[in-house]
Amino acid sequence: MKPHSSPSARARTSTEDGDSESTGARGRKVKVGRAETRDKAEAGGDKSERGGDKRERILDAAERVFAARGFYQARVSEIARDAGVADGTIYLYFKSKDDLLISLFESRMERVNAVLAAAVAGLETPTEKLTALIRTHLELVKRKPEVAEVLTIELRQSSKFMKEYASPRFGEFLKLMASVIAEGQARGEMSAQVPPPQAARMLFGIVDELALAWLLGGNEHVDIDQAADWVCALIMDGLKPRPQARYDGAPPTASAQERPEE
């Protein structure tokens, strides 16, 4: 998978309360800094100092800073400042900035998988389930653009993730899609021409590219809700059962083609 480069220019301005506002890939204003940290400290009380909560605060801060600054430009000190912890505290929970990004990915993908599993629960047919997966995936991109930007753009900037990480949560995501396609093939609703794991990756490639285009500013030209309808139509038509059970790689013979009338 070829990494997509994130936008190089991300605007940053200061606010009156000492915070800073950065402009992410889609021109969103993302506030990071002292005011947000102060608000959390006032609202959190003693609970905010527990280890699990502190780790989540760091992950939440990393999500904002990575989306606003970009992975390469983001500094651990900025994440610590946004989370309201000392710089060294970050390294009590994460080995490096790459490790923090990977942990953020696993945390957010766990949530995504839970939302997708809930979206298909109770649905009867594989076609209904696959449609729900596509629509829900793109709805999440629209509702959670900061998360989508980190998962779709910034994650690819980590060479450690791209080269070394097995990504079990993403594997669960693909297995969910593949299981629905396998069920559709078993029930005769979907073609068996493509193995379910490969079909799931192809489907992900389509929705991932649409999400990328939308996040990088294509939302002016791409209606992501309408795009969900198009993807569903394209995928469902492509997965329709065909007379030939499986594609064997050979081109159709002349006898199998419709001959023009003499």
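The values are calculated or read from the model by the stated rules, or taken from the named source; none is laboratory data. Every value quoted in this text rests on a predicted model; they were computed, and no experiment measured them. Here the Cβ is made from the backbone with ideal geometry for all residues, glycine too, and neighbour counts use every protein chain on show.
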| Is it true that some residue in region 86-101 is under 23 Å from the mean Cα position of the chain (by Cα), of a type in the set (Phe, Trp, Tyr) and closer than 16 Å to VAL150 by Cα? | no
| query | Does at least one position in region 160-168 carry a residue that is modelled with pLDDT under 90 and crowded, with 22+ Cβ neighbours inside 10 Å? | reply | no
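Yes/no matrix, rows are residues, columns are (1) in contact with a Leu (Cβ under 8 Å, 6 or more places away or on another chain); (2) more than 20 Å from PRO168 (Cβ to Cβ); (3) modelled with pLDDT under 95:
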{"residue": "LYS54", "(1), (2), (3)": "no, yes, yes"}
{"residue": "GLY70", "(1), (2), (3)": "no, yes, yes"}
{"residue": "ARG81", "(1), (2), (3)": "no, yes, no"}
{"residue": "ASP98", "(1), (2), (3)": "no, no, yes"}
{"residue": "SER103", "(1), (2), (3)": "yes, no, yes"}
{"residue": "GLU106", "(1), (2), (3)": "no, no, yes"}
{"residue": "LEU116", "(1), (2), (3)": "yes, no, no"}
{"residue": "GLY122", "(1), (2), (3)": "no, yes, yes"}
{"residue": "LYS129", "(1), (2), (3)": "yes, yes, no"}
| field | From VAL231, VAL222, residue being free of Cβ contacts under 8 Å to residues at least 40 places away in the same chain and not charged (D, E, K, R) | value | VAL222
| said: Looking at THR89 and the list (1) assigned by TED's automatic domain parsing to the domain that holds VAL231; (2) not in a loop (DSSP other than H, G, I, E, B), which single condition is not satisfied? | reply: (1)
| query | In the set VAL76, VAL65, VAL112, VAL30, which member is at pLDDT 90 or above, of a type in the set (A, V, I, L, M, F, W, C) and over 18 Å from the mean Cα position of the chain (by Cα)? | reply | VAL76
